[in-house]
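Below: the structure, in structure tokens.
The values are calculated or read from the model by the stated rules, or taken from the named source; none is laboratory data. Keep in mind that what you see is a predicted model, and the values were worked out from it rather than measured. No Cβ is skipped: glycine too gets one built from the backbone with ideal geometry, and neighbour counts run over all protein chains shown. Protein only, heavy atoms only, side chains kept; ligands, DNA and RNA dropped before computing areas. Shrake-Rupley method; radii C 1.70, N 1.55, O 1.52, S 1.80 Å.
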Amino acid sequence: MPEGGVVAGTSGARRTPRGLETRSRIVDAAAKLFYVRGVSATTLDDVRLASGTSKSQLYNHFGDKLALVHAVIDVQSEFVLAREEQHLRGVRTLAGLRRWRDALVQANSLQDGSYGCALGAMSIELSDNDERSRQALNATIDAWRRMLVETLTRLRRLGVLAEDADPQRLGTGLLAALQGGYVLAQNAHSSALMAVALDMALDHIACFARD
């Protein structure tokens with residue numbers, strides 16, 4: 001019988017707390033390895049060793065590597081969107097938007113710009129090879145973009161930005177600057193270029209500030 005006396009995990013059946021803890025440990029280990037090494041360079045044996053699980057435990061929860069990849073995308077997406085919602089929901093000034101920028105650049109600088117954005121990195125690796133991954137990542141990136149659009153819409157409604165400011169265009173450009181900044185920081189192993197990319201986007205937004 002599978003772990004914890006529950007029917008096979010790959011069927012999506014209800015699990016025991018012990019089974020859920022094991023699954024979470026596997027996904028967390030895979031997420032860290034995918035982030036640092038990349039999806040292609042990480043094997044299931046790597047994940048098994050990093051998570052301290054047996055082969056039977058791993059395959060009880062995930063039938064193959066792609067199933068694990070999809071689970072990691074779900075977890076990473078939830079984490080990023082929760083983080084961004086927390087940082088952006090209280091933004092009511094351009095200074096608040098700068099603080100959002102500062103938090104991202106500071107977090108990136110703690111790892112010397114390495115590894116980039118977890119979602120962006122997986123998008124590069126997976127979007128042309130697995131349609132389910134592409135759709136899931138696209139949905140998350142678009143939700144992230146909508147958060148920025150909603151933030152800029154709020155600033156326009158509060159009178160911080162002029163009426164001719166276009167939150168859709170500005171939010172899309174800001175996210176593009178962020179993702180491009182992650183790539184520049186990753187290649188340079190420095191967050192300095194990421195900071196420049198975001199500053200350019202924020203300076204453009206500031207052009208629409210009310211006097």
- Answer residue from segment 49-58, given it is touching a residue at least 12 places away in the same chain (Cβ under 8 Å), open to solvent by 20 Å² or more (accessible area, probe 1.4 Å) and in a helix (DSSP H, G or I) and is nearest to Ile124 (Cα to Cα) among those: Ala50
- Residues located in segment 157-175, provided they are without any contact (Cβ under 8 Å) to a residue 60 or more places away in the chain, of a type in the set (A, V, I, L, M, F, W, C) and either farther than 21 Å from Thr93 by Cα or in a loop (DSSP other than H, G, I, E, B) (or both): Ala162, Ala165
- Item | Residue list for segment 19-48, restricted to those being touching a residue at least 60 places away in the same chain (Cβ under 8 Å) and either among the charged types (D, E, K, R) or assigned to a helix (DSSP H, G or I) (or both) | Ala31, Phe34, Tyr35, Val36
- In segment 176-211, how many are farther than 16 Å from Ser114 by Cα, open to solvent by 50 Å² or more (accessible area, probe 1.4 Å) and assigned to a helix (DSSP H, G or I)? 5
- Take Glu125 and decide whether it is open to solvent by 20 Å² or more (accessible area, probe 1.4 Å), acidic (Asp, Glu), within 30 Å of Asp64 (Cα to Cα) and not in a loop (DSSP other than H, G, I, E, B). yes
- Query: Looking only at segment 87-101, which residues are open to solvent by 50 Å² or more (accessible area, probe 1.4 Å) and either part of a helix (DSSP H, G or I) or closer than 14 Å to Asp199 by Cβ (or both)?
  - Reply: His87, Ala95, Arg98, Arg99
- Query: Of the residues Glu84, Glu78, which is within 26 Å of Asp203 (Cα to Cα) and either part of a helix (DSSP H, G or I) or not basic (Lys, Arg) (or both)?
  - Reply: Glu84
- Given the conditions (1) modelled with pLDDT of 95 or more; (2) open to solvent by 50 Å² or more (accessible area, probe 1.4 Å); (3) under 21 Å from Glu78 (Cα atoms), every one holds for Leu20 apart from (1)
- Message: Just to check your reading of the model, which residue among Leu44, Leu104 is modelled with pLDDT of 95 or more and surrounded by fewer than 18 Cβ atoms within 10 Å (Cβ to Cβ)?
- Response: Leu44
- Item | Criterion (under 17 Å from the mean Cα position of the chain (by Cα), surrounded by 18 or more Cβ atoms within 10 Å (Cβ to Cβ) and polar (S, T, N, Q)) met by exactly one of Thr151, Thr140, Thr172 | Thr140
- Query: Which of the residues spanning segment 107-122 are open to solvent by less than 30 Å² (accessible area, probe 1.4 Å) and either in a helix (DSSP H, G or I) or among the aromatic types (Phe, Trp, Tyr) (or both)?
  - Reply: Asn108, Ala118, Leu119, Gly120, Met122
